[in-house]
Each structure stands twice: as structure tokens, then as C-alpha cells.
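Values quoted throughout were computed directly from the atomic coordinates according to the rules given, and no laboratory measurement underlies them. Computed from a predicted structure; not experimentally measured. Note: ideal-geometry Cβ built from the backbone for every residue, glycine included; neighbour counts use all protein chains shown.
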Amino acid sequence: MVGLSSERPDQPDAWEERRRTRGEGWQWNRIQSEPCPQCGDHPAALAPVSLGALAVERTALWRQFLAEADDTYLRRSPGLAVFSPLQYAAHVRDILRVYTDRMVLGREEDSPIVPIFNPSHEEFERYNRLNAGELVADMEAQAHRLQETAEEMDPGNWSRIVINDRGVFGVYTFTLAGLACNAVHETHHHLLDAKGTLQPTKSTVA
Ligand SMILES: [Zn+2]
């Protein structure tokens, strides 16, 4: 399974930990049918075939942001358990790659089980030293892969499923359309995180 970690951590991964810290009770896999309560994005309302092109549009906004932002700002975490803008960018690049891989896998195999995607702390440290221009070029390449995969998808395949076994965090079932929704939403949501303009929700504290 290309690009997928085979590890099953017993500790919360950085993203789960961060969501817990911020009191985000909303389960992110619900993006495959509902709007995001934080940023309002609702990719499930769109035709799945269009989602790859939307991801490409959104990576263009990342390119603009990364080109205009101060390099020191890009590499600085604004607070405890919050990633730097460059780390968010690398995470988005990874999500576009991993979720496209999962769409391809789910198209070719019946209900495959994929593990949690969980880069190490050291990997996130490395992300913070990446060249922003090279990183965004990689992000764009992954978004184009998602676009090609979406536009080539047989319409009957969008409802095929992939099972994401996240160990202690639960087992989530995604349709292939839902995987595309997640990837395109993360691309938008984390740009707001990186810009520091996302409003934390107050109503979903667990
Ligand atoms: Zn969102």
C-alpha cells in the first residue's frame, strides 16, 4: 500500500491530540455527508467528479499564500499543539497523496482496510525545514493526481468503500466519494489554519 503507514499507535497521533486539545467534538469523517461546522465547507453537496478540480483550485490558493507569507511566519508554530503553516502545507500534500492512493485502492479491491496515517513527530519536524516552493509544487502534483483519478472514475464506483481502521480511535468507513470530500476539505480547512483565520467552534466541546 503505497504511502500508507502500517503502524497502529496506542498514543494519540498529533492531529487527534490537537483536535482533543481544541475541543473539536465533531468527527471529521462526517465531511463525506455534512458541512464542516468550523469552516462551512460542504464538498458532499458537489458532484464527486468535480472534487479533484476543486482541490487543484485550492492548491493555487496555497501557492499564493506561501509565496506572500514571511518565511519566519511559515516555520513558526503559533501555539501549543498547533502546527506551523509549513507543517499544515505538508500535511495537506500528504492527505492529497494518501487519499488519492486510497481511492485507487478502493476502486481495485473490495472494501480494503487501510491503517491510520500517522507521520512521526520527527517527520513533522522535517516538514518544517522544507523549501516552500518545492513543497507547494509537490502539493499541486498530488492535487492533479486526485483530479485525474476523479475524472477517470466510473460513476458506479463512487459508492465503493474503504475501511479506515484507526486503532484506538475507531473504525471509519468511507465511500470513494467521501475520500475525495475529505481530501478537498482538508486542503481548504488547513489553509485557514495556516492563515490563522479559522474560528474555533464553541458548541462541540466533548
Ligand atoms: Zn473545515
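Cβ crowding within 10 Å ranks His144, His185 as His144, His185, fewest other Cβ atoms first.
Ranked by how many other Cβ atoms sit within 10 Å of their own Cβ, fewest first, the residues Thr72, Thr100 fall in the order Thr72, Thr100. What is the local net charge at Ala137, summed over the other residues whose Cβ is closer than 11 Å to its Cβ (Lys, Arg +1; Asp, Glu -1)? Overall, the nearby charge balance is -1.
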